[in-house]
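Here the structure comes first, spelled out in structure tokens, and everything after it is commentary.
The values are calculated or read from the model by the stated rules, or taken from the named source; none is laboratory data. Just so we're clear, the structure is a prediction, and the values are computed from it rather than from any experiment. FYI the Cβ positions are ideal-geometry reconstructions off the backbone, even for glycines, and counts take in every protein chain you see. What goes into the accessible areas is simple: the full protein's heavy atoms, side chains included, and nothing from ligands, DNA or RNA. Shrake-Rupley method; radii C 1.70, N 1.55, O 1.52, S 1.80 Å.
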Amino acid sequence: MLERFIQPQRSTRPVFHRMSMLSAMPMIVFYLSIFMATYRPIFATVFGIIFFLGIVVVNNAKFRELREPLVYSDFALLRQAIEHPGLYVTYIGPFKVAAVILSGAGVILGSLIYEPPVINRDTAAEWFPTLAYFSVVIGLIYAITRGPLRNEFREILKQFGTSADVREDVDKLSLVTTLIFYFFLAGEQEIAVAKSRENEEEDRARPLGQEPSHPHVVVVQSESFFDPRRVMNRVPKGFLENFSLMSSEARYLGRLRVPAWGANTLRTEFAFLSGIPDEALGVDRFNPYLRYCDKPVWTIATYLRSIGYRTVCIHPFHKSFFRRDKVYPHLGFDEFIDIDDFDESDRAGPYVSDGAVAQKIETLLADETAPVFIFAITMENHGPWKKPRIEVPAELQSATPVKSNAFSQYLAHVQNADRMIGRIRSALLSSQRKSIFCFYGDHLPSMPKFFANIGFDDPRTDYFVWLRGAEGEGRNLNASADALNRLLLETFTAAQGVSDGKRNSSQGTPSSGKLKEA
């Protein structure tokens with residue numbers, strides 16, 4: 001019955017159908033476990049209902065904000081939700097969270113006071129059924145997760161036809177069953193794990209290259225960025241002028257299809273770094289950093305480091321978030337600059353400013369001894385935007401198609417991102433090395449009500465790939481986040497033929513066939 005409240009609405013079907021028993025089994029096992037631990041049947045029933053109702057509440061909140069049901073990897077973020085409640089609780093609703101927690105606490109307290117156990121365990125023998133039950137349950141869980149039945153159990157799960165399309169699977173299998181299936185099927189994909197740990201250490205030990213033809217490569221993944229001029233009722237003079245300038249000079253520019261909406265930055269960043277299409281990851285697509293990247297994975301950083309680049313990631317947040325501290329060494333990065341390298345004065349609102357990130361990039365580019373690959377993941381424009389965060393110019397307050405303080409705040413942060421683009425451009429132009437600058441948005445801002453009110457439903461962001469010395473040779477090409485990886489590599493190859501602001505005629509421009517392939 002609880003499944004009836006889950007969003008998105010499931011296809012019409014009777015309560016009792018061929019998947020009914022499978023849908024009910026998680027609740028039954030949960031009930032039995034609580035009952036065997038307490039011997040209080042009323043408590044086990046009510047607590048089970050509250051627990052599963054909590055899953056429904058969180059799922060519906062996520063679907064409302066991010067257009068995606070709950071997936072197994074979201075539970076891995078529970079600790080992060082406690083440490084950084086502003087990133088999660090605000091979207092669910094503090095009152096709903098408090099109601100679920102207080103209800104659970106009230107049921108526990110009430111049962112201990114008013115419901116006596118049906119069996120008082122006064123002797124060791126009376127504990128035997130409980131110990132036997134949990135020994136069987138825990139033993140079976142171990143056998144199918146890490147023990148001898150793991151592969152056989154996975155093969156059984158595959159027979160149910162999971163598709164890694166979470167909406168389709170939730171409709172077919174139920175929400176909780178899909179969560180369990182995805183948990184067991186995660187880590188199944190092994191493609192793109194191209195290197196051993198020994199080779200990884202060998203690459204890390206290689207000296208920094210002195211090849212003068214190698215350009216600096218700067219990539220900025222801008223938080224929640226898309227070109228908002230599409231939805232503004234008027235565009236103030238100078239708004240996004242640097243983005244427009246770079247786009248006019250870019251080698252590639254266009255709309256970017258990203259594997260996320262409103263959140264889940266890591267999906268877009270991994271797609272770009274690895275070049276692996278989202279659908280190729282199976283259920284690991286929802287969080288490739290949880291299991292998939294426990295082994296070295298080839299990325300564009302891996303390649304650049306192998307030819308002598310210094311590879312640096314800048315992310316002005318806690319590097320333990322999304323397990324980046326453990327994952328990024330496997331993705332080819334030598335250094336990780338996180339929030340500990342910034343000061344409190346670097347903030348613009350609740351997060352570190354794009355200007356502070358630009359300053360770190362300028363410092364890295366000032367070192368001309370070796371080519372550097374910089375991958376910056378910004379945070380300034382991260383939601384929510386419900387409370388006033390920074391001063392919004394009057395011309396931006398009146399530029400929204402419908403009155404929205406949140407979107408006005410968003411526009412002010414977008415303008416700061418544009419200033420960052422200008423600073424990075426100036427730093428690259430003053431460098432003695434050739435340079436490549438790639439800029440893109442990770443996903444749209446999580447403003448479902450605002451976008452619904454104006455009838456905007458395009459999930460794509462925007463990007464450009466700029467090559468110094470080859471301005472004006474742009475190709476307007478809509479692409480996916482994983483294809484952007486190949487466009488950057490093609491630009492890197494083309495950079496070898498750019499000299500003194502002009503393209504070597506032997507290099508030419510990419511043929512239409514190569515563009516189609518890209």
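Would you check if there is a residue in segment 255-269 being assigned to a helix (DSSP H, G or I) and of a type in the set (Ser, Thr, Tyr)?
yes
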- Query: Which of the residues belonging to segment 134-157 are surrounded by 12 or more Cβ atoms within 10 Å (Cβ to Cβ) and not in a helix (DSSP H, G or I)?
  - Reply: Gly147, Leu149
- Query: What are the residue pairs meeting all of these: first residue in segment 148-159, first residue within 15 Å of Gly282 (Cβ to Cβ), second residue in a helix (DSSP H, G or I), Cβ atoms under 7 Å, and 6 or more apart or on different chains?
  - Reply: Arg154/Phe184; Arg154/Leu185; Leu157/Phe181; Leu157/Phe184; Leu157/Leu185
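Restricted to segment 68-107, and to residues that are acidic (Asp, Glu) and surrounded by 16 or more Cβ atoms within 10 Å (Cβ to Cβ), which residue is modelled with the lowest pLDDT?
Asp74
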- Task: Kindly indicate whether any position in segment 480-496 is of a type outside the set (A, V, I, L, M, F, W, C), outside any helix (DSSP H, G or I) and modelled with pLDDT of 95 or more.
- Result: yes
- Every residue from segment 381-428 that is in contact with a Gly (Cβ under 7 Å, 6 or more places away or on another chain) and modelled with pLDDT of 95 or more: Asn416, Arg419, Met420
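Let's see how each residue does on (1) among the hydroxyl-bearing types (Ser, Thr, Tyr); (2) over 16 Å from the mean Cα position of the chain (by Cα):
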{"site": "Ala280", "(1), (2)": "no, yes"}
{"site": "Val283", "(1), (2)": "no, no"}
{"site": "Tyr289", "(1), (2)": "yes, no"}
{"site": "Arg310", "(1), (2)": "no, yes"}
{"site": "Asp325", "(1), (2)": "no, no"}
{"site": "Pro329", "(1), (2)": "no, yes"}
{"site": "Phe336", "(1), (2)": "no, yes"}
- Message: Considering only residues that are outside any helix (DSSP H, G or I), surrounded by 14 or more Cβ atoms within 10 Å (Cβ to Cβ) and at negative phi, which ones fall in segment 18-50?
- Response: Met19, Arg40
- Tell me which residues, restricted to segment 459-471, are charged (D, E, K, R) and at pLDDT 95 or above. Arg460, Asp462
- Item | Residues located in segment 247-258, provided they are surrounded by fewer than 22 Cβ atoms within 10 Å (Cβ to Cβ) and over 13 Å from Asn476 (Cα atoms) | Arg257
- Message: Considering only residues that are surrounded by fewer than 20 Cβ atoms within 10 Å (Cβ to Cβ) and either within 17 Å of Val352 (Cβ to Cβ) or in contact (Cβ under 8 Å) with a residue 60 or more places away in the chain (or both), which ones fall in segment 377-395?
- Response: Pro384, Lys386, Ile390, Pro393, Glu395
- First in segment 396-411 and on the phi > 0 side of the Ramachandran plot and in contact (Cβ under 8 Å) with a residue 24 or more places away in the chain, second anywhere and aliphatic (A, V, I, L, M) and open to solvent by less than 20 Å² (accessible area, probe 1.4 Å), Cβ under 6 Å, 6 or more apart: none
- Message: When the residues of segment 419-441 are narrowed to those that are surrounded by fewer than 21 Cβ atoms within 10 Å (Cβ to Cβ) and either within 22 Å of the chain's Cα centre (by Cα) or of a type in the set (D, E, K, R) (or both), which ends up nearest to Ile454 (Cα to Cα)?
- Response: Arg419
- Enumeration of residues in segment 29-44 that are of a type in the set (Phe, Trp, Tyr) and within 36 Å of the chain's Cα centre (by Cα): Phe30, Tyr31
- Query: Looking only at segment 115-131, which residues are surrounded by fewer than 10 Cβ atoms within 10 Å (Cβ to Cβ) and in a helix (DSSP H, G or I)?
  - Reply: Ala124, Ala125
